[in-house]
Amino acid sequence: MKLLLDQNLSYKLIANLDPIFPSTSHVLRLRLDQAPDTQLREYAARHGFTLLTKNTDLVDLCVLRGAPPKILWLRLGNCRTALIREVLKRNEARIVAFGADPTQVVLSLFPLAPME
């Protein structure tokens, strides 16, 4: 599974996530940082990305229109990049299972999610 990080997430996450989720990218790298949510969704679907976001509007759009793309929804509020990295690593097994399940569109991740 490759992730596309939304503009509300630090591009610094890429280095930490690439070993777990190869080919991860950021909207800034792809010059999509100013793109509307509809364009970002279309790009992710076309290029096989799962969107990683805190953006409720983007989640709503993808739920309404269905997958692809799938959405990893970080329900963390304002926080340090280190917490995001920790939550993603702690939930790696859940994220991989989510990616493999064609019936799921959104996976919500919380800061105190139990370890798998």
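Could you run through the range 24-48 and say how many residues are of a type outside the set (A, V, I, L, M, F, W, C) and within 13 Å of the chain's Cα centre (by Cα)?
Just the residues of the range 24-48 that are of a type outside the set (A, V, I, L, M, F, W, C), to begin with: 24-26, 29, 31, 33-34, 36-39, 41-43, 46-48.
With within 13 Å of the chain's Cα centre (by Cα) added as a condition, the list becomes 24-26, 41, 48.
Adding up the residues that qualify gives 5.
For the range 23-38, give me the residue count where each residue is in contact with a strand residue (DSSP E or B) (Cβ under 6 Å, 6 or more places away or on another chain) and of a type in the set (A, V, I, L, M, F, W, C).
Start the filter on the range 23-38 by keeping residues that are in contact with a strand residue (DSSP E or B) (Cβ under 6 Å, 6 or more places away or on another chain), which leaves 23-26.
After this cut, where a residue has to be of a type in the set (A, V, I, L, M, F, W, C) as well, the list is none.
Here the count works out to 0.
Scan the range 55-77 and tell me whether some residue there is surrounded by 18 or more Cβ atoms within 10 Å (Cβ to Cβ) and out of contact with any helix residue (DSSP H, G or I) (no Cβ under 9 Å at 6 or more places or on another chain).
yes
Would you be able to tell me the number of residues in the range 74-97 that are under 19 Å from ASN16 (Cβ atoms) and touching a residue at least 24 places away in the same chain (Cβ under 8 Å)?
Residues flagged as under 19 Å from ASN16 (Cβ atoms) and touching a residue at least 24 places away in the same chain (Cβ under 8 Å) within the range 74-97 amount to 15.
Return a yes/no flag: does the range 50-67 have any residue that is touching a residue at least 60 places away in the same chain (Cβ under 8 Å), at negative phi and either in contact with a Lys or Arg (Cβ under 9 Å, 6 or more places away or on another chain) or of a type in the set (D, E, K, R) (or both).
The answer is no; no qualifying residue exists.
For residues that are assigned to a loop (DSSP other than H, G, I, E, B), of a type outside the set (Gly, Ala, Ser) and either out of contact with any His (no Cβ under 8 Å at 6 or more places or on another chain) or at pLDDT 95 or above (or both), tally how many sit in the range 8-32. Full working, then the answer.
Taking the range 8-32 as the starting set, the residues that turn out to be assigned to a loop (DSSP other than H, G, I, E, B) are 8-12, 18-24, 27-32.
Now restrict to residues that are of a type outside the set (Gly, Ala, Ser): 8-9, 11-12, 18-22, 24, 27-32.
Those still in the list that are either out of contact with any His (no Cβ under 8 Å at 6 or more places or on another chain) or at pLDDT 95 or above (or both) too: 8, 12, 18-22, 24, 27-32.
So the count comes out to 14.
Could you list all residues from the range 46-83 that are in a strand (DSSP E or B) and in contact with a strand residue (DSSP E or B) (Cβ under 6 Å, 6 or more places away or on another chain)?
So in the range 46-83, the residues in a strand (DSSP E or B) come out as 49-53, 71-74.
Hits for the range 46-83 are PHE49, THR50, LEU51, LEU52, ILE71, LEU72, TRP73, LEU74.
The values are calculated or read from the model by the stated rules, or taken from the named source; none is laboratory data. Source: prediction; values computed, not measured. Neighbour counts run over all protein chains shown; Cβ positions are idealised from the backbone, glycine included.
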